Amino acid sequence: MPAGPASGTKAGMTGPRLTPLAAGLPASVPFTGPEALERRMGRRFLARLGANESPFGPSPAAVAAMAHAAAEAWMYGDPDMADLRAALAGQHATTPDHVIPGEGIDALLGLIVRLVVAPGDPVVTSDGAYPTFAFHVAGFGGVLHRVPYAGDRPDLPALADRARAKAAKLLYLANPDNPMGSWHEDAALRDLVAALPEGTLLVLDEAYAEFAPEAAVPAIDPDDPRVIRLRTFSKAHGLAGLRVGYGIGAPPLVAAFEKVRNHFGLGRVAQAGALAALADRDWIGTVRDRVAAAKDAIARIARASGLTPLPSATNFVAVDCGGDGRLARALVAALASRGVFVRMPTVAPLDRCIRITAGQPEALAVLEAALPPALSEARSVAGT
Ligand SMILES: Cc1ncc(COP(=O)(O)O)c(C=O)c1O
């Protein structure tokens with residue numbers, strides 16, 4: 001029997017002829033953006049503390065370089081990204097053949113999955129880990145195996161065991177971790193690499209590396225074919241809206257990106273901004289200091305309401321609300337209704353926490369005023 005018209009299409013017209021894979025996917029975004037929440041609420045947030053952006057902004061040198069490049073934006077960016085690749089290689093003491101820039105870690109994750117995961121292929125991650133990886137795995141038909149956190153950190157031995165048991169093509173790990181802000185140190189990470197089964201590629205997402213203690217950023221030979229590490233300009237460099245990230249890996253893997261990447265994806269303004277940001281090391285030091293002060297302030301504000309801030313190697317603090325997911329969800333909503341945007345982990349027991357990004361003093365003052373009444377409201381909503 002011929003298929004009838006898809007719902008929403010007129011009789012006699014076909015709907016979009018999606019692949020079976022695409023047709024079966026939910027039309028979901030990994031995160032609802034704060035702008036969407038603002039449109040829903042009909043007003044702007046007073047304190048944007050939920051997306052782990054850097055409200056301290058980009059380096060003034062990067063802003064100047066982007067302004068200059070804006071007038072030249074009639075030209076496509078260099079599809080080889082040669083200057084940026086060379087500068088990144090210099091910073092990481094490697095060669096441009098080991099570096100692949102792209103439109104943020106999010107886009108690079110999609111390319112990695114596309115390159116490595118065929119429909120039905122197994123991959124492994126932590127249950128509650130950064131969701132964009134899982135989003136791309138679903139999009140390419142991979143089968144995701146999730147390993148619970150242990151003590152608010154990804155469970156490295158269990159991840160390696162699961163990768164072996166499932167013959168996983170990829171193992172995704174964010175270190176430092178989002179959403180918990182926790183981290184593993186050098187020895188544990190090197191043990192993980194040593195324990196990787198043959199054929200498993202470790203995707204080591206280091207979005208927050210600039211905020212982490214040195215020991216949390218392991219020395220890994222860039223020629224090691226078992227690992228690709230990912231960095232971004234969205235966090236410490238304050239350029240989340242620009243969309244620039246990069247991978248560091250062995251040249252055969254880096255070269256494979258040429259097969260699938262959007263060659264003109266990194267625009268002229270983005271390349272110029274990233275290049276200038278990279279050169280301004282002092283700015284990163286300034287941002288680190290401000291983030292550390294903001295995290296101290298968040299911890300103080302949380303404790304004043306009887307909540308428990310967790311240690312963080314990132315630009316945010318996971319705050320244990322002392323209840324379950326219901327209480328944290330009610331608190332996220334109660335804060336939003338008072339103009340404060342924060343997010344929370346999605347799975348138990350991590351979802352006992354809310355996650356607050358290091359903000360400017362003015363935004364933290366809004367948080368400080370909003371938290372006590374929001375918490376009372378949340379407790380009554382959650383019945384705790
Ligand atoms: C662990 C992790 N990876 C990647 C990203 C996104 O990075 P990008 O902006 O480079 O796509 C985030 C942003 O929150 C993150 O927390």
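The values are calculated or read from the model by the stated rules, or taken from the named source; none is laboratory data. No experiment lies behind these values; they were computed from the predicted model shown. Reconstructed Cβ throughout: ideal geometry from the backbone, glycine too, with neighbour counts over all protein chains shown.
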### Query
Can you name the condition, by its number, that Asp186 falls short on among (1) under 14 Å from Ala216 (Cα atoms); (2) touching a residue at least 60 places away in the same chain (Cβ under 8 Å)?
(2)
### Task
Go over the candidates Ala51, Ala62 one by one and state the one that is surrounded by 10 or more Cβ atoms within 10 Å (Cβ to Cβ), aliphatic (A, V, I, L, M) and part of a helix (DSSP H, G or I).
Ala62
### Query
What is the one condition in (1) of a type in the set (A, V, I, L, M, F, W, C); (2) farther than 30 Å from His92 by Cβ; (3) touching a strand residue (DSSP E or B) at 6+ places or on another chain (Cβ under 8 Å) that Phe316 does not satisfy?
(2)
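Every residue, every condition in (1) in contact with a Lys or Arg (Cβ under 8 Å, 6 or more places away or on another chain); (2) among the charged types (D, E, K, R), yes or no:
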site: Arg300; (1), (2): no, yes
site: Ala304; (1), (2): no, no
site: Leu307; (1), (2): no, no
site: Asp320; (1), (2): yes, yes
site: Gly323; (1), (2): yes, no
site: Pro345; (1), (2): yes, no
site: Cys353; (1), (2): no, no
site: Ile356; (1), (2): no, no
site: Leu364; (1), (2): no, no
### Query
Across the range 95-114, what is the total count of residues that are among the β-branched types (Val, Ile, Thr) and closer than 12 Å to Gly247 by Cα?
4
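Per-residue answers, yes or no, for (1) in the same structural domain as Lys235 (by TED's automatic domain parsing); (2) farther than 22 Å from Glu214 by Cα; (3) surrounded by fewer than 16 Cβ atoms within 10 Å (Cβ to Cβ):
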{"position": "Gly90", "(1), (2), (3)": "yes, no, yes"}
{"position": "Arg114", "(1), (2), (3)": "yes, yes, no"}
{"position": "Ala150", "(1), (2), (3)": "yes, yes, yes"}
{"position": "Ala158", "(1), (2), (3)": "yes, yes, yes"}
{"position": "Ala165", "(1), (2), (3)": "yes, yes, yes"}
{"position": "Gly181", "(1), (2), (3)": "yes, no, no"}
### Task
Would you check which residues across the range 134-152 are away from the ligand (no atom under 16 Å from the Cβ) and either more than 15 Å from Ala168 (Cα to Cα) or in contact (Cβ under 8 Å) with a residue 24 or more places away in the chain (or both) and list them?
Ala138, Phe140, Gly141, Gly142, Pro148, Ala150, Gly151
### Query
Looking at the range 120-133, which of the residues that are free of Cβ contacts under 8 Å to residues at least 60 places away in the same chain and within 15 Å of the chain's Cα centre (by Cα) is nearest to Tyr172 (Cα to Cα)?
Thr125
### Summary
Ala318 fails exactly one of (1) of a type outside the set (Asp, Glu); (2) crowded, with 22+ Cβ neighbours inside 10 Å; (3) part of a helix (DSSP H, G or I), namely (3)
#### Entry: Any hit, the range 168-177, residues being assigned by TED's automatic domain parsing to the domain that holds Ile112, of a type in the set (Ser, Thr, Tyr) and not in a loop (DSSP other than H, G, I, E, B)
yes
### Message
I want to confirm something. Restricting to the range 73-119 and keeping residues that are within 16 Å of the ligand (Cβ to nearest atom), aliphatic (A, V, I, L, M) and not in a helix (DSSP H, G or I), which single residue is farthest from Leu170 (Cα to Cα)?
### Response
Met81
#### Entry: Residue list for the range 50-94, restricted to those being touching a residue at least 60 places away in the same chain (Cβ under 8 Å) and more than 19 Å from Thr232 (Cβ to Cβ)
Pro60, Ala64, His68, Ala69, Ala70, Glu72, Ala73, Met75, Tyr76, Asp78, Pro79
### Query
From the residues in the range 167-179 that are small (Gly, Ala, Ser) and crowded, with 23+ Cβ neighbours inside 10 Å, which one is nearest to the ligand (Cβ to nearest atom)?
Ala174
### Query
Does the range 120-131 hold any residues that are among the charged types (D, E, K, R) and within 16 Å of the ligand (Cβ to nearest atom), and which are they?
Asp127
